[in-house]
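Report on the following structure.
We did not get these values from a lab; they are worked out from the coordinates using the rules stated. Please read these numbers as outputs of a predicted model, since none were measured by experiment. For neighbour counting, all protein chains shown are included, and Cβ atoms are generated from backbone atoms with ideal geometry for every residue, glycine included.
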Amino acid sequence: MSAAAVATESDRVKQAWAVLHGVLDPEVPALSVCDLGIVRDVIEHGDELELVLTPTYSGCPATEVIEHDVLAAVNGAGLGPAKVTLRRAPAWTTEWISAEGRRKLSEYGIAPPGTAHADLPQQATVRVIGRRSEAVACPRCASLHTERLSAFGSTACKSLYRCLSCREPFEHFKPI
Amino acid sequence: MPDMTAASIALNLTPATQYLLRIGDTCLILGQRLGEWCGHAPILEEDIAMANIALDFIGQARALLAHAGTLEGAGHDEDQLAFLRNERDYFNLTLVELPRGDFAASVLRNTMVATWLKLLWQRLAADSQDDEVRAIAAKALKEARYHQQHSADWVVRLGDGTAESRRRMEEALSDLWRFSAEMFDTDAVDEAAAAQGIGPRWSELEAPWRAEMTDILREATLEVPADSAFRSDGKRGRHSEHMGFILADMQYLQRAYPGGVW
């Protein structure tokens with residue numbers, strides 16, 4: 001929700017935000033699309049509500065499902081007609097995941113992302129697996145004694161880790 | 001509703017659209033090649049990684065093709081551009097249409113292309129005068145960094161690994177390195193794109209690409225291969241013998257069932 005919009009927000013826009021907070025991400029159903037920072041704005045154009053989304057990854061197959069789900073939720077709550085527009089710039093970043101979202105990720109068993117340093121993966125270009133410096137805490141036992149198995153997990157936004165203390169595998173939401 | 005029944009579309013080509021199609025087609029064809037690993041990678045984690053990287057490439061291709069279609073102004077959407085062009089109208093680097101080879105060849109190719117794309121996205125995100133290109137590049141850059149890191153890790157592991165993994169990586173280098181020249185030769189399309197502020201001349205990417213690749217190969221204890229006089233020419237529509245086969249795979253459904261959706 002942009003700061004400028006808050007002051008002048010109509011009841012209809014407020015209700016739409018409340019509805020959108022209940023729309024879960026299809027790939028990480030512990031979080032709402034608002035927790036993830038995918039919904040960027042809700043704008044009222046007279047009769048029509050514009051829902052502005054920023055996709056997480058270029059090829060995220062969930063994008064179209066999310067478009068469908070937010071439209072169905074807003075229209076289903078009688079707040080329509082609504083339309084979805086995609087806003088590409090600025091690019092989505094894990095910095096937009098809310099504190100609430102990070103807590104829910106952790107409870108769900110996914111280690112939340114650390115700070116997205118724009119240059120971090122660049123510096124790590126030639127470091128081999130197992131020698132990375134960034135510590136990721138195990139979401140089960142909180143140990144920092146963990147290692148990355150692969151930069152790519154079950155979805156583009158997650159990487160695969162294992163905890164060397166409790167020996168359990170887990171996923172990490174990649175900072176991007 | 002665009003007409004999806006045409007057998008092939010004719011492009012209304014300008015230097016700007018060709019410049020973007022060179023990048024978009026490179027992402028499209030490499031995405032298709034990497035998809036071939038799904039169910040066939042040596043370990044499950046890499047099966048997943050290859051498919052994930054493929055999806056990123058398809059997403060980047062989709063955005064670029066859609067934008068190229070808008071600039072082209074002939075009403076072609078990204079699906080028509082992806083599936084209804086003839087071979088000579090694809091402008092990807094020849095490197096990405098080569099058969100996927102073994103795992104060593106695939107991760108080496110991914111490293112060469114990801115390093116090149118990362119440098120290109122950086123320039124496009126910072127300097128392009130086209131708002132949409134800048135936005136696509138800013139997003140893709142974040143993805144390319146992960147692709148490069150992941151693939152370079154494997155080049156190092158295999159190069160500095162067992163006798164067999166090293167032999168495979170040396171063979172991949174000897175097969176693929178000569179195709180890198182195409183990433184950097186500059187022509188009229190480049191000059192026009194640079195003059196219009198769309199993107200850099202590709203020759204400007206050569207020095208930083210060589211520096212990064214040299215670092216990666218040194219870490220992998222591999223020799224940087226000597227340059228050769230060989231020049232591939234996919235970006236001007238002249239492809240290797242492998243291109244027709246991959247297009248047949250990709251296009252079959254849209255050619256057999258025009259406009260089919262699900």
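The mean sequence distance of close C-alpha pairs (under 8 Å, at least 6 residues apart), as a share of the length of chain B, puts its relative contact order at 25 percent. Pairs exceeding a 18 Å alpha-carbon distance, out of A:Lys104/A:Lys174; A:Lys14/A:Lys104; A:Lys104/B:Lys142; A:Lys104/B:Lys139: A:Lys14/A:Lys104; A:Lys104/B:Lys142; A:Lys104/B:Lys139. What does a probe at B:Thr221 reach in the range B:121-160, counting residues whose amide N is under 15 Å from the point 7 Å along Cα→Cβ? The answer is B:155-160, whose backbone nitrogens lie closer than 15 Å to the label point. For B:Ala248 and B:Asp77, a Förster radius of 25 Å and the Cβ-Cβ distance give a FRET efficiency of 0.70, rounded to the nearest 0.05. Per-residue Cβ neighbour counts within 10 Å put B:Glu36, B:Glu191 in the sequence B:Glu191, B:Glu36, beginning with the fewest. Rounded to 0.05, the FRET efficiency of the B:Glu164 and B:Asn12 pair, given R0 = 35 Å and the Cβ-Cβ distance, is 0.10.
Inter-chain Cβ neighbour count for B:131-138, averaged per residue, equals 3 (cutoff 10 Å, partner chain atoms only). Residues B:Met213, B:Met112 in ascending order of nearby Cβ atoms (within 10 Å, fewest first): B:Met213, B:Met112. Reducing the range B:104-171 and the range B:24-69 to their Cα centroids gives an inter-centroid distance of 13 Å. When the helices of the protein assembly as shown are scored as -39500 (n - 2.57) per DSSP H run of n ≥ 4 and the total is divided over every residue, the value at 222 nm lands at -15500 deg cm²/dmol.
A DSSP coil position with no more than 15 other Cβ atoms inside 10 Å describes the following trypsin sites (Lys or Arg not before Pro) in the range B:190-262: B:Arg231. Once the Cβ-Cβ distance of B:Arg231 and A:Arg103 is raised to the sixth power relative to R0 = 51 Å, the FRET efficiency obtained is 0.35. Other protein chain C-beta atoms within 10 Å of residue C-beta, averaged over A:85-94: 4.
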